Amino acid sequence: MKTNKKYQLNNIKCWIASFLALLLWANIATAALQIPVAKQITALQADFNQPSDIAVDAQAQLYVLDAMNSRIIVFSAQGKQLREIKPTNTEHSFKQAMGLAIDKKILYIADSLQHRIRRFNLQGKWLSDINLSAPPVDEKTTSKVSTALPEPVALLIRNEELIYADRRWHRICYLELPSGKQKRCVGERGEMNGQFQYPFQIAQDRDNYLNVVDVLNARVQVFDRSGRYYSQTGRLSLDKMYRPNGNTFDALDFQYISDSYLGTISLYLQGQFLGLLQDTQGKTLKFSTPARLHYDPAGYLYVVDSQAHKVQKIELDYQPLAKHPADNSEVSRKNCVICHYSWGNDADNSKLRDSQDVLPVASMNMCYSCHHGAVLDSRQAIPFGEQHSTVYDPEEKKQAYHKKPLREDEIPELYPHSDKNDLTCTSCHTPHNDNENQPTLYQDNHNAWLRGADYGSEQCEACHEKNTKNSGREDEKTFGLNHPLGVKMHKPAKKAQHLSTDDPHLQKGLPEALLAGGAVLGKEDAIVCQSCHQVHQGKTENLLTQTDEKSALCASCHKRQATKDKKAAHKAGVHPVSVKPEDPMKNKDEKVVTVECASCHSVHKGTLDTALYPDKINNTDKLCVDCHKELAPKDEKAARKAGVHPVNVELEEPVDIRGVKVKSVQCSSCHTMHDGTPDTFLFPDKIKDAEELCIGCHERQHAKDEEEAVKKGIHPMNL
């Protein structure tokens, strides 16, 4: 039987390839291989805010995607800042974008949350958008399409193809250039070959094979030129691979894979782990959150360190490999180790606690390793504005907090905390809750991994019970200690419906000013804690959704009661706010600089059965006296001396004023704070002038004409 010559030739090629591979690994074992080391490290200087990607054009200029500032910073090859690209037209801007690529003098930007890829020229002029479409609900039925659109987080251009990683649908997709038409997508959520749990940076090796970071599966998957799964590099708990993010190849085909949690960069060659990137002295390089890597053929490795707000430039050199690392670790409890790094077989628990003595699973770095955009994008909320207090607060802030009594309310054991009531991220968030389909107030968050239910402030109230008691929600007759909760912001189904509002303005839902700050309503459009407070990205120290400077927060809902100036208040018939007193005034022995809503009302320290009056003040008159002492003399004699109408006077006989029997003359007998007659001094019930008001008590002293005056024996009026 004759041997097929073609088959024989292929057989020889296979033997040669095998021999070369054996020779390569033999060289590794005998330390003959030259591996990359960091010769020098410098930083690109700019005011970055969590940069997310970097690309290089044909002139070796660097383009850094500084997405949280909605711009791209352009640097020279030497690292000098040249210009910025920031669209002036808001329709063409990008916010929280994740990916960047350059091809044929065109910038491609993965505008992740807008579900599109934007195209600009290198001078920053917008060219066009590629709008991405969701996959069919059933791949066999192309007529039905899901409503959730793709979220591109990484880009790679190969020949006439634009390839993007889709965070939302756990796949990579191929677009045809320049048309932008989608050719195909591969992948779905899972742990098998070809499946992903959040694909991220895409790199191409010298054989034009795609290497795609698979974040939560802690590996890099390799696909051949036709797009078929070929192999994988790294495994969870092996090769120091834990939360891979950055991924690139150098000119010698060494692969660099960064770990956004461990802060290290691993070196590979043909899928073989060689160790961690070190400097020339053998010290391992450490970063905060190395989210992206890019290799410049000039011999530089760029590291986008998101949490540190830096881009580091590493000049590479090559040194002999001292010793091939042993591979003796094993994958352990894979799905758990995704977060429980300390459960890994190679983890040294004695050295894992961070600077605040927090274990990895509860540390800020663990959360950020996913939430910087590779898995879920929380960059806009977590680092900005005021945040709920945690163990990571600055010492001066914690010291100021601990000078006060620890708490009036105890934190339930359900929410882990220190003996000083310090919290970590995992005090409120955990994947281990009892509700598989946990509802959430914030639909974009899907399931926020909350320890307790929170569709009506339940989790807030668990720790802040005192701030929700006596709000009228449980018992309409018991109110005044805290701002009302449970009020339904829509037209009541029937009159006198408990916890409803008859204000047409409030029946339309929350005002835009609050919604813009993240405010939400609970079940049946009812007011909850989150209607005024935002746990992440609050506008004030007490986490308000809008600043309350000049009573802005109160005014957003209580428009009639919170006018802009004294003139507007007089016209509306309400007590003025946001005004400076003409004469010196004091309230509770403190100088009143500006009269605000908070001057008379306390949102969480009110007095029962009042409209949130502070300091156990149980009626309006005592509140008035604090500021208007000169208008509220203690008795009739003092009133005559001051030349003002007496108050605190007991009448010989009750007088009927507005249908109410008045036995004692007080401020509130003639004035009302928030429902006065317009263009009067807060006269109540459509009383338009002082004379009409006086008649209520002084009917004998009033005569409608001269004849009646003579009859009563008084001086005539209205002549």
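The values are calculated or read from the model by the stated rules, or taken from the named source; none is laboratory data. Not measured: the values here are computed from a predicted model. In this analysis, Cβ positions are derived from the backbone assuming ideal geometry, glycine residues included, and neighbour counts consider all displayed protein chains. In case anyone asks, the SASA skips ligands and DNA or RNA and just uses the protein heavy atoms, side chains included. Shrake-Rupley method; radii C 1.70, N 1.55, O 1.52, S 1.80 Å.
Can you find even one residue in the stretch 271-282 that is in contact (Cβ under 8 Å) with a residue 60 or more places away in the chain, part of a loop (DSSP other than H, G, I, E, B), open to solvent by 30 Å² or more (accessible area, probe 1.4 Å) and farther than 23 Å from Ala77 by Cα? The answer is yes, given that some residue of the stretch 271-282 is in contact (Cβ under 8 Å) with a residue 60 or more places away in the chain, part of a loop (DSSP other than H, G, I, E, B), open to solvent by 30 Å² or more (accessible area, probe 1.4 Å) and farther than 23 Å from Ala77 by Cα.
Considering every residue within the stretch 682-696, establish whether at least one is open to solvent by 30 Å² or more (accessible area, probe 1.4 Å), in contact with an Asp or Glu (Cβ under 6 Å, 6 or more places away or on another chain) and part of a loop (DSSP other than H, G, I, E, B). Looking through the stretch 682-696, none of the residues is open to solvent by 30 Å² or more (accessible area, probe 1.4 Å), in contact with an Asp or Glu (Cβ under 6 Å, 6 or more places away or on another chain) and part of a loop (DSSP other than H, G, I, E, B).
The single condition among (1) within 21 Å of Leu100 (Cβ to Cβ); (2) in contact with a Phe, Trp or Tyr (Cβ under 9 Å, 6 or more places away or on another chain); (3) modelled with pLDDT of 95 or more; (4) open to solvent by 10 Å² or more (accessible area, probe 1.4 Å) that His170 does not meet is (1). Are any residues in the stretch 609-646 touching a Ser or Thr at 6+ places or on another chain (Cβ under 7 Å) and under 22 Å from Lys469 (Cβ atoms), and if so, which ones? Leu612, Tyr613, Pro614, Lys616, Ile617, Asn618 - these are the residues of the stretch 609-646 that are touching a Ser or Thr at 6+ places or on another chain (Cβ under 7 Å) and under 22 Å from Lys469 (Cβ atoms). Restricted to the stretch 592-629, and to residues there that are of a type in the set (Lys, Arg) and at pLDDT 80 or above, the residue that is surrounded by the fewest Cβ atoms within 10 Å (Cβ to Cβ) is Lys616.
With respect to (1) open to solvent by less than 50 Å² (accessible area, probe 1.4 Å); (2) more than 21 Å from Asp609 (Cα to Cα); (3) more than 29 Å from the chain's Cα centre (by Cα), the lone exception for Lys566 is condition (1). Does Val625 meet the test of being without any contact (Cβ under 8 Å) to a residue 60 or more places away in the chain and touching a Gly at 6+ places or on another chain (Cβ under 7 Å)? No; evaluated as a whole, the condition is false for this residue.
Take the residues in the stretch 20-73 that are open to solvent by less than 30 Å² (accessible area, probe 1.4 Å) and more than 21 Å from Gly99 (Cβ to Cβ); name whichever of them is modelled with the lowest pLDDT. Residue satisfying both the conditions and the ranking: Ile28.
Taken over the stretch 124-149, the residue count meeting the criterion of being at pLDDT 85 or above and of a type outside the set (A, V, I, L, M) is 8.
Among the conditions (1) part of a loop (DSSP other than H, G, I, E, B); (2) open to solvent by 90 Å² or more (accessible area, probe 1.4 Å); (3) at pLDDT 80 or above, Glu582 misses just one, which is (3). Among the residues of this structure, Asp205 does not count as one that is on the phi > 0 side of the Ramachandran plot and in contact (Cβ under 8 Å) with a residue 40 or more places away in the chain.
Just to be sure before I move on: is Lys240 more than 18 Å from Gln204 (Cβ to Cβ), modelled with pLDDT of 95 or more, in a loop (DSSP other than H, G, I, E, B) and open to solvent by 30 Å² or more (accessible area, probe 1.4 Å) in the structure I sent? So Lys240 fails the test.
Can you confirm whether the stretch 252-265 contains a residue that is in a strand (DSSP E or B), modelled with pLDDT of 95 or more and within 28 Å of the chain's Cα centre (by Cα)? The answer is yes; a qualifying residue exists. Those strands (runs of 3 or more DSSP E) of the stretch 175-229 in which 3 or more residues are over 32 Å from the mean Cα position of the chain (by Cα) and loosely packed, with under 15 Cβ neighbours inside 10 Å occupy 181-186.
When the residues of the stretch 449-478 are filtered to those that are surrounded by fewer than 18 Cβ atoms within 10 Å (Cβ to Cβ), at pLDDT below 85 and not hydroxyl-bearing (Ser, Thr, Tyr), the one that is farthest from Val535 (Cα to Cα) is Lys477.
Restricting attention to the stretch 484-491, does a residue exist that is surrounded by 13 or more Cβ atoms within 10 Å (Cβ to Cβ) and within 20 Å of Met673 (Cα to Cα)? Yes, because at least one residue in the stretch 484-491 is surrounded by 13 or more Cβ atoms within 10 Å (Cβ to Cβ) and within 20 Å of Met673 (Cα to Cα).
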